[in-house]
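> Sharing a structure below in structure tokens format, with a few things to ask.
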Amino acid sequence: MTKVQNVVILGSGPAGLTAAIYAARANLQPLLFEGEPSSTVDQPGGQLMLTTDVENYPGFVDGIMGPELMGRFRQQAARFGTNVLTQRVDRVDFSERPFRLWSEGTEHRAHAVIVATGAQSRMLGLESERRLLGHGLSTCATCDGFFFKGQNIAVVGGGDSAIEEATFLTKFADKVTIVHRRKELRASKIMQDRAFRNPKIDFQWESEVTEILGETRVEGLQLNDVTTGEGSRLDVTGVFVAIGHIPNTAIFSGQLDIETSGYIKTITGSTHTSVEGVFACGDVQDSTYRQAITAAGSGCMAAIDVERWLEEHHEAPADMAETPTNW
């Protein structure tokens with residue numbers, strides 16, 4: 001059994017690493033579990049490791065590659081004394097303090113925990129998705145829509161997220177085709193009306209994507225009519241998969257209050273969860289924005305919430321009160 005940590009951070013995306021930077025500068029000596037490189041759920045660096053150009057993160061005028069940005073986050077966290085373990089936590093017990101967490105058979109204990117395990121986009125399950133992600137295939141219109149000016153593109157899905165993405169993309173693309181398995185949308189009536197009125201939006205009903213075409217860039221979609229079985233090709237240069245997100249919250253079931261959608265519940269205006277001393281930030285609790293910058297901001301909030309909570313509960317290191325916090 002290891003010593004009791006002041007704070008353990010789970011996740012190494014923008015939220016987790018920002019929390020680590022702030023916690024380390026507050027002299028909390030955080031321990032961060034960054035996940036496993038082979039994991040599709042909690043790989044080190046989060047979803048930005050699958051992103052090519054990031055052009056909307058402040059401070060990078062010419063843009064920056066996702067993996068490079070996360071590498072800089074990690075270096076900054078380590079510089080201030082964050083202890084990083086390239087492991088994933090597979091079990092937790094938040095029933096009493098110190099909290100208990102297990103990774104690779106080792107038990108770790110902590111006075112406070114920050115959950116920043118993120119979320120993953122639901123995908124179609126095609127081999128071509130991995131090859132073309134970031135090369136004409138995206139899961140975020142807000143992030144990547146700018147790159148598709150004047151192009152014909154597709155959005156896969158039929159819920160509010162898909163319609164919102166498609167409507168947003170008409171600001172850039174010449175034509176947006178919504179590909180949906182059913183003959184009617186699942187989106188709210190107001191969202192549907194907005195899409196039907198938009199002259200740039202077309203619909204490919206009762207169709208499923210069986211393949212994304214192209215070797216190095218998206219060149220089109222191979223479709224299958226779900227009623228007739230007839231195949232067809234849709235020529236597009238970009239495709240956005242908008243069939244939802246899956247928060248990485250499986251190990252917290254029964255430990256924290258979780259929304260029916262899978263996101264961790266936090267108290268409005270803070271990162272406090274249903275368990276005192278456990279905090280959540282980033283995409284694991286944000287079903288609305290899901291941006292790197294908002295995740296980083298909530299990571300900062302979590303670190304500040306943790307420092308204040310530890311001080312109130314006298315569970316901070318003895319020298320912490322004498323160490324000025326320079327946010």
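The values are calculated or read from the model by the stated rules, or taken from the named source; none is laboratory data. Treat the numbers as computed from the prediction; the structure is a model and nothing was measured. Heads up, the Cβs are rebuilt from the backbone with ideal geometry, glycines too, and the neighbour counts pull from every protein chain shown.
> Which residue pairs have Cβ atoms under 8 Å apart, sit 6 or more places apart or on different chains, and have a first residue in region 211-228 that is in contact (Cβ under 8 Å) with a residue 24 or more places away in the chain and a second that is surrounded by fewer than 15 Cβ atoms within 10 Å (Cβ to Cβ) and hydroxyl-bearing (Ser, Thr, Tyr)?
Final answer for the pair search is LEU223/THR210; LEU223/SER232.
> From the set of residues in region 202-230 that are surrounded by 12 or more Cβ atoms within 10 Å (Cβ to Cβ) and among the small types (Gly, Ala, Ser), which is farthest from GLU165 (Cα to Cα)?
Residue satisfying both the conditions and the ranking: GLY214.
> Just name the residue that is farthest from ALA296 (Cα to Cα) out of those in region 52-63 that are modelled with pLDDT of 90 or more and either among the aliphatic types (A, V, I, L, M) or buried (at least 16 other Cβ atoms within 10 Å of the Cβ) (or both).
VAL61
> Return yes or no: is ARG74 surrounded by 16 or more Cβ atoms within 10 Å (Cβ to Cβ), part of a helix (DSSP H, G or I) and not small (Gly, Ala, Ser)?
yes
This table checks each residue for (1) among the aliphatic types (A, V, I, L, M); (2) in contact with a helix residue (DSSP H, G or I) (Cβ under 9 Å, 6 or more places away or on another chain).
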{"site": "VAL115", "(1), (2)": "yes, yes"}
{"site": "MET123", "(1), (2)": "yes, yes"}
{"site": "LEU137", "(1), (2)": "yes, yes"}
{"site": "CYS140", "(1), (2)": "no, yes"}
{"site": "GLY145", "(1), (2)": "no, yes"}
{"site": "GLY150", "(1), (2)": "no, no"}
{"site": "SER161", "(1), (2)": "no, no"}
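> Taking the stated definitions as given, is ASP174 more than 23 Å from ILE246 (Cβ to Cβ) and in contact (Cβ under 8 Å) with a residue 12 or more places away in the chain?
yes
> Can you confirm whether region 227-241 contains a residue that is part of a loop (DSSP other than H, G, I, E, B) and hydrophobic (A, V, I, L, M, F, W, C)?
Yes, region 227-241 contains a residue that is part of a loop (DSSP other than H, G, I, E, B) and hydrophobic (A, V, I, L, M, F, W, C).
> Please name all residue pairs, on different chains or six or more residues apart, with Cβ atoms under 8 Å, provided the first residue is in region 240-263 and is on the phi > 0 side of the Ramachandran plot and the second residue is part of a loop (DSSP other than H, G, I, E, B) and not basic (Lys, Arg).
So the pair list comes out as GLY244/GLY157; GLY244/GLY159; GLY262/THR249.
> Condition first: at pLDDT below 95 and buried (at least 23 other Cβ atoms within 10 Å of the Cβ). Now tell me which residues in region 15-41 satisfy that.
Within region 15-41, GLU34, GLY35 meet the criteria.
> Restricted to region 96-143, and to residues that are in the same structural domain as GLU164 (by TED's automatic domain parsing) and among the acidic types (Asp, Glu), which residue is surrounded by the most Cβ atoms within 10 Å (Cβ to Cβ)?
The residue in question is GLU129.
> Can you tell which of ARG197, ARG186 is out of contact with any strand residue (DSSP E or B) (no Cβ under 8 Å at 6 or more places or on another chain), basic (Lys, Arg), at pLDDT below 95 and not assigned by TED's automatic domain parsing to the domain that holds PRO44?
Checking each option against the conditions leaves just ARG186.
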